[in-house]
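The structure under discussion appears below in the form of structure tokens.
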Amino acid sequence: MATSLASKCSRVGRSLFGGLGNSLSGLLNTSHDMTASNFFSQQQRTFIQMRTVLKVVDNSGAKKVMCIQALKGKKGARLGDTIVASVKEAMPNGKVKKGKVVYGVVVRAAMQRGRVDGSEVKFDDNAVVLVDKQGQPIGTRVFGPVPHELRKKKHVKILTLAEHIA
Amino acid sequence: MRLEKCWFCSSTVYPGHGIQFVRNDAKIFRFCRSKCHKNFKMKRNPRKVKWTKAYRRLHSKDMTQDSTFEFERKRNRPERYDRNLAENTLKAIKKIDKIRVTREERHHKLRMKGKKAKEQKEAAIELEQSIHLVKAPSVLAEDQSLTLPKIKVKVQAQAEENHAMEE
């Protein structure tokens, strides 16, 4: 049974084989649809621009902010850049209130960014750490991984607070 | 400078090559090229994709355990620089590489043992079963050169047994 199914798979095409392997017990048609949906669900990631909603990964009190301006770059902000944002969601008793305009450093971006050695790095989500105008973080903790490129951008304080450095 | 291994195909990722993806739990996935990255995005399992090292190891197509692999292992403690040590290491690399190649060859030879006989046997069966697609059976009956000669085995023991039964 299994061998016959495998031979069928190879007839359908080698490129599909890996995807089919994940659900070998399933029917051929359904698993084919699944691979296709996986392939197309990958969104093209772009710059952090006006109206991008970012997660706040510190204990400043804000939960979600919306980018209203990138301070550098024509197309928008990338990993390590500073943005101006408006607080969209906040904890009831945090330092930062909803509706305030804040500055933030992009510590994680889903769009890939080149590194100094020519390789690239990308993250799971778009996340920001709120800072004041001088670049000092408002919160006292930073959650999740942050890139070591922040050192080049003079955000050493965020790096020291971070749990993991990637 | 550290040479990392690709998460998908286990090949070496040289500095400046490929892309790395950092998951939110800070696990780093390094990929040697876009081919591996795309396969990862398609959620393929490297153990089920035939060209990866993981598949070949799993199906024992490659040599898996050998003392030569120990030298390549990741070490977390940085070694203090010593000129003599570095020189010796550079000399040893060539030697170890040669040993590894010969061992891999041996492994391949051992694995391929009996392959030719098996192939010939399968070819003979194929010929016998599907020669009628090429030549009509009536032609075959006249011309014996197209089929393999039948091997005759004498069955004497069976005949004796039959006699015993009759008694």
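Assorted remarks:
- Selection status of B:A86, loosely packed, with under 14 Cβ neighbours inside 10 Å, small (G, A, S) and within 28 Å of the chain's Cα centre (by Cα): no
- From the list B:R80, B:R57, the lone residue that is more than 25 Å from A:A162 (Cβ to Cβ) and either touching a Gly at 6+ places or on another chain (Cβ under 6 Å) or surrounded by 11 or more Cβ atoms within 10 Å (Cβ to Cβ) (or both) is B:R57.
- The strands (runs of 3 or more DSSP E) located wholly in region A:87-166 that include 1 or more residues which are without any contact (Cβ under 8 Å) to a residue 24 or more places away in the chain occupy A:120-123.
- Residue check: A:I68 meets all listed conditions (1) more than 14 Å from every other protein chain (Cβ to nearest Cβ); (2) crowded, with 21+ Cβ neighbours inside 10 Å; (3) hydrophobic (A, V, I, L, M, F, W, C) but one, namely (2).
- Residue check for A:M91: within 14 Å of chain B (Cβ to nearest Cβ) and not charged (D, E, K, R): no
- Checking B:R33 against (1) more than 10 Å from chain A (Cβ to nearest Cβ); (2) closer than 29 Å to A:F143 by Cα, the condition it does not meet: (2)
Each value in this text was obtained by applying a stated rule to the coordinates, not by laboratory testing. Everything numeric in this text was worked out from a predicted model, so none of it was measured. For neighbour counting, all protein chains shown are included, and Cβ atoms are generated from backbone atoms with ideal geometry for every residue, glycine included.
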